[in-house]
């Protein structure tokens, strides 16, 4: 059996769908009348950054240099700290707009980027044989 990473469940309400480049929130207070849905889509660089951080920055910080190498250089893009800052700022705006707390992705000059949120579950699907 071969399993493929589908995305992530973050808390009880947030879903990250890798294939569709979509981050969405679906929540309810238990009543059919109060259903909240919101979605935002990522471009390729933002998707790769968020995915890399979810995969690598939950237990230890990831440095700027590692992100520039793993996201920009690995995808034949020109790396720059200004471009990293721009994509990171845009990513933060999108995830906060849907309700993730400010500082979900924490940045420290001395250490790098770190996700300190504990309730993140990777979701997999079984590839057809």
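The values are calculated or read from the model by the stated rules, or taken from the named source; none is laboratory data. This is a predicted model, so every value here is computed, not measured. FYI the Cβ positions are ideal-geometry reconstructions off the backbone, even for glycines, and counts take in every protein chain you see.
Does residue 20 satisfy the condition of being out of contact with any strand residue (DSSP E or B) (no Cβ under 6 Å at 6 or more places or on another chain) and modelled with pLDDT under 90? No.
The combined condition, being surrounded by 17 or more Cβ atoms within 10 Å (Cβ to Cβ) and either under 21 Å from residue 48 (Cβ atoms) or modelled with pLDDT under 95 (or both), is not fulfilled by residue 120.
For the residues 45, 63, the requirement of being more than 27 Å from residue 127 (Cβ to Cβ) and at pLDDT 95 or above singles out 63.
Taken over the stretch 87-110, the criterion of being within 28 Å of residue 38 (Cβ to Cβ) and either more than 15 Å from the chain's Cα centre (by Cα) or in a strand (DSSP E or B) (or both) is satisfied by 105, 106, 107.
Mind telling me which of the residues 103, 30, 112 ends up being farther than 28 Å from residue 4 by Cα, touching a helix residue (DSSP H, G or I) at 6+ places or on another chain (Cβ under 7 Å) and either modelled with pLDDT under 95 or surrounded by 14 or more Cβ atoms within 10 Å (Cβ to Cβ) (or both)? None of the others qualify; the one that does is 112.
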